[in-house]
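Down below is the structure, laid out as structure tokens.
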Amino acid sequence: MTDKYCKESRTVFSNYVLPPDTNNHGTLFGGKLVAYIDDVAARAAMKHSRRTCVTASMDSIDFIAPVKANDEVVLEAFVTWTHHTSMEVFVKVIDENLLTGEREVCVTAFLTFVALDDLDRPTPVPGVIPESPEEIELNQSASKRAETRRLRRTESKRIAARFGVGFPWER
């Protein structure tokens, strides 16, 4: 299996933000943007692995600025780091005012995907080769994020086991 450059997984998605896609503040619904993020990140993971991929984790989705109605939202994603069967994907979301051309980064996010074989079992993925200073920075800091994910997942499993499937008032 040959390692791949980050740019080989680069995926871009854009959408015109219409009023039905917005909340009472005239900004894009957060849940709709999260769906866009998951979609573009999944396609970047699939380009890297050339396999079906499933979302394993959404580490952080940091909303920095709103996406406004009548603007274009542009999402860029690429694989920053890989482990045996998993891939970390970075997503940057840009809001562009189509009338003025003003652009700003409004969201950054990290997601983890697992590649699946033909029997839907985790399967190995190629390594990643960062080239640009930004890719190198994200690649070098990825193992720390992976450790944070591992600890968070352990805690999530503990909480799920403790609280079970019902609500306290149903017991």
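Bear in mind that the values in this text are calculations on the coordinates, not laboratory data. Model, not experiment: these values are computed from the prediction. Glycine gets a Cβ as well: all are built from the backbone with ideal geometry, and neighbour counts include every protein chain shown.
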Too long at a 28 Å Cα-Cα cut-off: which of K68/K157; K7/K144; K47/K157; K7/K157? K68/K157; K47/K157; K7/K157
Please state, rounded to one decimal and in Å, the Kirkwood hydrodynamic radius that the chain gives when every pair of distinct Cα atoms enters the mean of 1/r. 17.4 Å
If the chain between N23 and T55 were fully extended at 0.36 nm per residue, the gain over the current Cα-Cα distance would be 8.9 nm
Once you list every other residue whose beta carbon is under 14 Å from the beta carbon of M46, what net charge do they have if Lys and Arg are +1 and Asp and Glu are -1? +2
What list of whole percents do you get for P(r) of region 100-171, with Cα-Cα distances grouped in 10 Å bins up to the one holding the largest distance? 13, 25, 31, 20, 9, 2
Evaluate 2.2 N^0.38 Å with N set to the residue count of region 1-58, then give the Cα radius of gyration divided by it. 1.43
Please find, in a Gaussian network model of the chain (springs between Cα atoms separated by less than 10 Å), the residue of R145, R158, R121 whose mean-square fluctuation is greatest. R158
Which residues does the label zone of H84 cover in region 1-44, counting backbone N under 17 Å from a point 7 Å along Cα→Cβ? 1
Whole-Å distance, taken between Cα centres, linking region 97-120 and region 1-67: 3 Å
Here the net charge surrounding M58, from other residues whose Cβ is less than 14 Å away from its Cβ (Lys, Arg +1; Asp, Glu -1), is -1
